[in-house]
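Some notes on the structure that comes next.
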Amino acid sequence: MLYPPVPISFLGTGLMGKPMAMNLIKSGYPVTVWNRTPSKAAELMSAGARLGKSPGDAVRHAEAVVLMLEKGSVVTDILFTQGVADACRDGALVIDMSSIAPAIAEDHAKLLAKAGLRYIDAPVSGGTIGAEKGTLAIMAGGEVSDVTEATPIFEAMGNVTHVGPHGRDSSANW
């Protein structure tokens, strides 16, 4: 199980990501954050987060990497063009909480597995209020063992339901 003080990286600290990352910090996790607009991470840094200089820098020491990005193409870019997949520690758990198409989630799962990484696609429902209160509904797709291991991380942000294999949980299926 990934209990505090397991190091977590959180990429994407916008309207949803910032309160989600804050809840991880409040739960005792050491969190490194990255956002393409660094000023959006200022409040998290004041709460104790470290700011990564780049997406790759942010994930180097993390056991879990949480992504909360705009859309699937941005997630793909961050993971595979901007070097996050290459910079992650072997065996790290990548948790994509962005709302992306099921086919993209399935593709990411395959590519990350080839890179020696584990993957959960876990979009959320509950909006910014749910993100702030830590009451998000989290629909996790992936291996049972990975979802079980990540449950303490999810519980810091809301309530998780394992919905099956990768790509089964996307908001496109609701």
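For segment 130-145, a residue qualifies if it is among the hydrophobic types (A, V, I, L, M, F, W, C), assigned to a helix (DSSP H, G or I) and either surrounded by fewer than 17 Cβ atoms within 10 Å (Cβ to Cβ) or at positive phi (or both), and exactly one does: VAL144. Count of segment 97-107 residues, restricted to those that are surrounded by 20 or more Cβ atoms within 10 Å (Cβ to Cβ) and assigned to a helix (DSSP H, G or I), is 2. Screening VAL94 on (1) touching a Gly at 6+ places or on another chain (Cβ under 9 Å); (2) part of a strand (DSSP E or B); (3) crowded, with 22+ Cβ neighbours inside 10 Å; (4) aliphatic (A, V, I, L, M) shows it passes everything except condition (1). Examine segment 65-75 for a residue that is touching a residue at least 24 places away in the same chain (Cβ under 8 Å), over 20 Å from VAL124 (Cα atoms) and surrounded by fewer than 24 Cβ atoms within 10 Å (Cβ to Cβ), and state whether such a residue exists. There is no residue in segment 65-75 that is touching a residue at least 24 places away in the same chain (Cβ under 8 Å), over 20 Å from VAL124 (Cα atoms) and surrounded by fewer than 24 Cβ atoms within 10 Å (Cβ to Cβ).
Residues in segment 108-129 that are more than 13 Å from ARG168 (Cβ to Cβ) and either small (Gly, Ala, Ser) or surrounded by fewer than 17 Cβ atoms within 10 Å (Cβ to Cβ) (or both): 11 in all.
Any idea which residue in segment 63-100 is modelled with the highest pLDDT, counting only those that are among the polar types (S, T, N, Q) and closer than 22 Å to LEU136 by Cβ?
SER98
Among the residues making up segment 108-129, those that are assigned to a helix (DSSP H, G or I) and either within 17 Å of GLY12 (Cα to Cα) or of a type in the set (Val, Ile, Thr) (or both) are GLY127, THR128, ILE129.
The values are calculated or read from the model by the stated rules, or taken from the named source; none is laboratory data. These numbers come from a predicted model, not from an experiment. All Cβ positions, glycine included, derive from the backbone under ideal geometry; neighbour counts span all protein chains shown.
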